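Quick notes on the structure that follows.
The values are calculated or read from the model by the stated rules, or taken from the named source; none is laboratory data. Here the structure is a predicted model, which is why all the values come from computation and not from measurement. Methodologically, a virtual Cβ is constructed for each residue, glycine included, from the backbone with ideal geometry; neighbour enumeration extends over all protein chains shown. For accessibility, only protein heavy atoms count, side chains too; no ligands or nucleic acids. Shrake-Rupley method; radii C 1.70, N 1.55, O 1.52, S 1.80 Å.
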Amino acid sequence: MRAHTDITGTVPGAAIDLGDVPSPEAAGWLDRMLLIREFESAAGPLAQAGAIPGGMHSAIGHEAVAVGVGSVLRPDDVAAAPHRSHHVALAKGMDPALMMAELFGKRTGSSAGRGGHMHLADFGAGFFGSNGIVGAGVGLALGAALAQSYRGEPRISAGFFGDGGANTGRVWEFVNLAAAWHLPLLVVCENNGYAVETRIRDAMAGESIAARAAGFGLPAVQVDGQDVAAVHRAAAQGAVLARSGGGPTFIEALTYRHLGHDIGERGQYRTADEVSWWERHRDPVQRLRAALVARGDLDDDGYEQAAGRARARVAEAVSAAEAAPLPDPATVTGGVTATELRIRTGS
Ligand SMILES: Cc1ncc(C[n+]2csc(CCOP(=O)(O)OP(=O)(O)O)c2C)c(N)n1
Ligand SMILES: [Mg+2]
């Protein structure tokens, strides 16, 4: 197992091995990764310009983790994520237009415009939400996995968190309970080497996050998170185990965010050379593209068409969100909770 201290610039494997993944499936991965890339490429500048209110955490660079795990989840399975979540939601099948409208704070959004970037959820797509509490996405997925197990359903859940979350107690409480109760859960750590501006090597003891997880007695693997096929293989193994009552699996995916912790950060904690190395050598989208080209499944035209389709879908989502109405203040208690809130009046 590779030590977590090696994350920066040393993730293994330049070429992606697609193995016997059928061509239409691999092409579907590319489409989904391009949708995430184009969505984030549009949303970031809109947030910076103020058209999308509040902050935003971009997932550019993390696409292969979400799509690799998402590739083994069925529509009625569940995924939950932390603050950096757009890629997980889109990989789970959330409609980009529903998400974009929510980012804009519009009535047509997934939470009627009252959740925004960090409170996305689409229960219909099995996306149980993003939230601002580091590590808490795993707990949401754990709850769903408990319900699935209790009801004897053949469904599974995936909870995503970051390397920063691996230094919080709650994550290990979740992992412990999932392992003790053999719950159908994939615990997915997106180790991008940084928690805001703190390098993992400066703040984490032990060999690796996966090695930490192994102490709880569940299968724990470390994969190249910039290789969608590698993530898919690890997730597929975990999903088979979870669906057959074999309990949870822990996946540490080594990844990298191309942009800052949040949109607009000053970014003085890492070098431009480091960022550009990852962009040039480990871009998950370009690596999948190269693997498809090497197989004879794709050429430049085909790639541009796929990127164009994703761009058009996102542009449509942006136009619809811009045109949509803001929420009606008279319904301020609606669309957020299942039951209307009762505002205390003091009487
Ligand atoms: C419980 C809690 N503590 C602190 C924060 C502030 N905070 C927001 S993001 C973040 C770092 C998260 O790093 P990581 O888990 O590695 O995720 P990444 O941003 O790298 O995707 C921190 C400390 C928070 N949101 N929640
Ligand atoms: Mg991180």
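Before moving on, here are some points about what is shown:
- Selection within region 56-81: residues that are within 16 Å of ligand 2 (Cβ to nearest atom) and open to solvent by 10 Å² or more (accessible area, probe 1.4 Å). The member of this set that is farthest from Ala239 (Cα to Cα) is His57.
- Flag for Gly260 being modelled with pLDDT under 95 and within 21 Å of Asn191 (Cα to Cα): no
- Checking each residue in region 66-83 for being touching a Leu at 6+ places or on another chain (Cβ under 9 Å) and more than 13 Å from Arg287 (Cβ to Cβ) picks out Ala66, Val69, Gly70, Val72, Leu73, Val78, Ala79, Ala80, Ala81.
- Reported count of residues in region 184-197, each being within 16 Å of ligand 1 (Cβ to nearest atom) and buried (at least 16 other Cβ atoms within 10 Å of the Cβ), is 9.
- Residue match in region 96-114 (condition: surrounded by fewer than 24 Cβ atoms within 10 Å (Cβ to Cβ), closer than 30 Å to Gly245 by Cβ and either within 13 Å of ligand 1 (Cβ to nearest atom) or modelled with pLDDT of 95 or more (or both)): no
- For region 201-224, residues that are within 19 Å of the chain's Cα centre (by Cα) and within 11 Å of ligand 2 (Cβ to nearest atom) total 1.
- Answer from Ala213, Ala253, Ala235 - the residue that is assigned to a helix (DSSP H, G or I), within 18 Å of Leu73 (Cβ to Cβ) and open to solvent by less than 20 Å² (accessible area, probe 1.4 Å): Ala235
- If you go through region 279-327 and pick out every residue that is open to solvent by less than 30 Å² (accessible area, probe 1.4 Å), among the charged types (D, E, K, R) and in a helix (DSSP H, G or I), you end up with 1.
- Pairs with Cβ under 8 Å, 6+ apart, first in region 157-179 and over 20 Å from Asn192 (Cα atoms), second surrounded by fewer than 24 Cβ atoms within 10 Å (Cβ to Cβ) and among the polar types (S, T, N, Q): Ser157/Gln148
- Checking each residue in region 147-168 for being more than 11 Å from ligand 2 (Cβ to nearest atom), under 21 Å from the mean Cα position of the chain (by Cα) and open to solvent by 40 Å² or more (accessible area, probe 1.4 Å) picks out only Arg155.
- Selection over region 166-183 of residues that are within 14 Å of ligand 1 (Cβ to nearest atom) and touching a Phe, Trp or Tyr at 6+ places or on another chain (Cβ under 8 Å) gives a count of 2.
- Residues that are over 21 Å from the mean Cα position of the chain (by Cα) and within 30 Å of Val78 (Cβ to Cβ), drawn from region 256-298: Ala291, Leu292
- Given (1) farther than 21 Å from Val65 by Cα; (2) more than 16 Å from ligand 1 (Cβ to nearest atom); (3) assigned to a helix (DSSP H, G or I), number of the condition Asp202 does not satisfy: (2)
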